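Q: This is the structure, below, for whatever I ask next.
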Amino acid sequence: MTDLAAVKAALRTQSVETPSWAYGNSGTRFKVFTQAGVPRSPREKLDDAAQVHEFTGAAPTVALHIPWDRVDDYASLAAYAQERGLRLGTINSNTFQDDDYRLGSVCHPDPAVRRKAVGHLLECVDIMDATGSRDLKLWFADGTNYPGQDDIRARQDRLAEALSEVCARLGDGQRMLLEYKLFEPSFYTTDVPDWGTAYAHCLRLGEKAQVVVDTGHHAPGTNIEFIVATLLREGKLGGFDFNSRFYADDDLMAGAADPFQLFRIMFEVVRGGGFGPGVAFMLDQCHNIEAKIPAIIRSVMNVQEATAKALLVDRDALAAAQRSGDVLDANAVLMDAYNTDVRPLLAEVREELGLDPDPVAAYRRSGWATKIAEERTGGRQSGWGA
């Protein structure tokens, strides 16, 4: 039997980082949809993130995206976050929106473009110094669309050179998290297409370089929990970008499309010793048609529910069934945990923390949505192309 007191104690320690961009307007390749009350500045994004943390008790950090969250004084922004009961978390770079990056950024054939891209990455480390952030997250849209467009191996050499320079700039206690993505916006080759490529670069770079797993960045049918287990075994899993996908990089709410997959991933995290500060749990989502703050609250709750079920797995019974080769019993142990309704357990945890047992309902009663819709008029809303 599982020790429920230990499960509740573990759940009280869980934190899920929310992304600043999830509070802004977003959409598809065809249309960006606007909503009333969307933040117009990084500080207003932090105001909304504070609501998520207030009602969940599990979202104390906010990831920034540069240049979307560029400000004149990052130390002042960090102080404002602290006033709102938050901390600034991962610094995310952007080397995919300038016209210069049409043929790539750090892998571009032109040394001048590569220099510009690396300069931006070094700027992000400067921001980490000012905000006290631990992690620099790197995702590159670099790749090619046609066979023969560029030298595949030379692009890997350019990538390695850039990563080495940035890694050398990191200070004590800082890390580089390298993200991978199967395809898009490049369609023939992507320069960091999979966990193996990311792992190979991080292995060469040393302890400060870790792999980040975005749950939407894989081919259909990919066993993501196997990747998680392997990276944990090698000490190279730095964090997650949680979201859901039906077809490709859909960026839907975590746990919405395949909650069983999220449970399986979280079980490997728990089993592999990744449930702790060494592995960063972050949402990376685009709330196109749904209200943003309650969607983010719901996503945090979905991660908590998957984690609670993973913690409830009877590890002794599972190990015994595995040793005896009892396939059905081993699967049944996992399914028993997955089929458990953990909502009452999580409600108890929240009440013990002095929180409302239903975070979404508590947010709706707060009146924050009406308040920001009335007050945030004029100016330019945050988002892509809004």
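Q: Can you tell me the relative contact order of segment 84-209? Whole percent, Cα pairs under 8 Å, sequence separation 6 or more.
A: Reported as a whole number, the value is 26 percent.
Q: Give me the distance in nm between label points sitting 7 Å out from Cα along the Cα-to-Cβ direction at residue 222 and residue 182, one decimal.
A: 0.7
Q: Using the alpha-carbon centroid of each, what span in Å lies between segment 1-69 and segment 90-113?
A: Cα centroid of segment 1-69 versus Cα centroid of segment 90-113: 27 Å apart.
Q: Now for a separate question. Determine ³J(HN,Hα), in whole Hz, for all residues of segment 68-74 in sequence, where each value follows from phi through the Karplus function 6.51 cos²θ - 1.76 cosθ + 1.60 and θ = phi - 60°; x replaces Gly and Pro.
A: My calculation for segment 68-74 gives 4, 10, 5, 9, 6, 9, 6 Hz in order.
Q: Would you mind getting me the FRET efficiency between residue 2 and residue 341? Use the beta-carbon distance for r and R0 = 22 Å, nearest 0.05.
A: Working: r = 15 Å, r/R0 = 0.67.
The calculated FRET efficiency here is 0.90.
Q: Separate question: For the chain, modelled as a GNM with alpha-carbon contacts under 10 angstrom, which of 331, 145, 223 fluctuates the most?
A: 331
Q: Give me the percent of the accessible area of the chain that comes from carbon and sulfur atoms, probe 1.4 Å, all protein chains in place.
A: 51
Q: Would you mind getting the accessible area per residue of segment 236-275, heavy atoms of the protein chains only, 1.4 Å probe, in Å²? Please list the in-between numbers first.
A: Numbers: 1440 Å² over 40 residues.
I get 36 Å² per residue for this part.
Q: In whole Å, what is the distance between the alpha-carbon centres of segment 344-367 and segment 285-341?
A: Segment 344-367 and segment 285-341 have Cα centres spaced 20 Å from each other.
Q: In Å², what does the accessible area per residue of segment 50-135 work out to with a 1.4 Å probe?
A: Values: 3560 Å² over 86 residues.
Roughly 41 Å² per residue, with all protein chains present.
Q: Turning to a different aspect of this structure: Could you grab the relative contact order for segment 1-128? Cα pairs under 8 Å, six or more apart, rounded to a whole percent. Working shown, then result.
A: Values: 144 pairs, mean separation 26.0, N = 128.
Relative contact order of segment 1-128: 20 percent.
Q: Then there's this: Skipping prolines and chain starts, which residues have an amide H placed within reach, meaning under 5 Å, of the one on residue 143, given they are 5 or more residues away or on another chain?
A: Under 5 Å from the amide H of residue 143 lie the amide H atoms of 191, each far enough along the sequence or on another chain.
Q: Further question: Quick one: Debye curve from the alpha-carbon atoms of the chain only, equal weights, vacuum; give me log10 I(q)/I(0) at q = 0.06, 0.10, 0.14 Å⁻¹ to two decimals.
A: Treating every Cα as an identical point scatterer, log10 I(q)/I(0) equals -0.23, -0.66, -1.28.
Q: Also: Applying 1/(1 + (r/R0)^6) with R0 = 30 Å to the Cβ-Cβ distance of residue 157 and residue 40, what FRET efficiency is obtained, to the nearest 0.05?
A: With R0 = 30 Å, the Cβ-Cβ based efficiency is 0.10.
Q: Note the full-extension length gain between residue 126 and residue 380 as 0.36 nm times their separation in residues minus their Cα-Cα distance, in nm to one decimal. Walk me through the numbers on the way to the answer.
A: Details: separation 254, 0.36 × 254 = 91.44 nm, distance 2.68 nm.
88.8 nm is the gain from fully extending residue 126 to residue 380.
Q: Please list, by residue number, every one of the chymotrypsin sites (Phe, Trp or Tyr not before Pro) in segment 1-57 that is coil in DSSP and has at most 16 other beta-carbon atoms within 10 Å.
A: 30
Q: May I ask you to derive the relative contact order of the chain, considering only C-alpha pairs under 8 Å and at least 6 residues apart, and to give it as an integer percent? Intermediate values should be presented prior to the final figure.
A: Details: 686 pairs, mean separation 82.1, N = 386.
It comes to 21 percent, rounded to a whole number.
Q: Still on this structure, please answer the following. Hey, in the GNM for the chain with a 10 angstrom Cα cutoff, which one of 168, 59, 369 fluctuates hardest?
A: Highest fluctuation of the listed residues: 168.
Q: For 333, 166, give the ranking by accessible area with the largest first, probe 1.4 Å.
A: Ranked from most to least accessible, the order is 333, 166.
Q: Suppose accessible area is computed on protein heavy atoms with a 1.4 Å probe; arrange 371, 137 from highest to lowest.
A: In descending accessible area the options line up as 371, 137.
The values are calculated or read from the model by the stated rules, or taken from the named source; none is laboratory data. All figures in this text were calculated on a predicted structure; none of them were measured in a lab. Here the Cβ is made from the backbone with ideal geometry for all residues, glycine too, and neighbour counts use every protein chain on show. When the accessible area is computed, the model is the full protein with side chains, heavy atoms only, and any ligands, DNA or RNA have been set aside. Shrake-Rupley method; radii C 1.70, N 1.55, O 1.52, S 1.80 Å.
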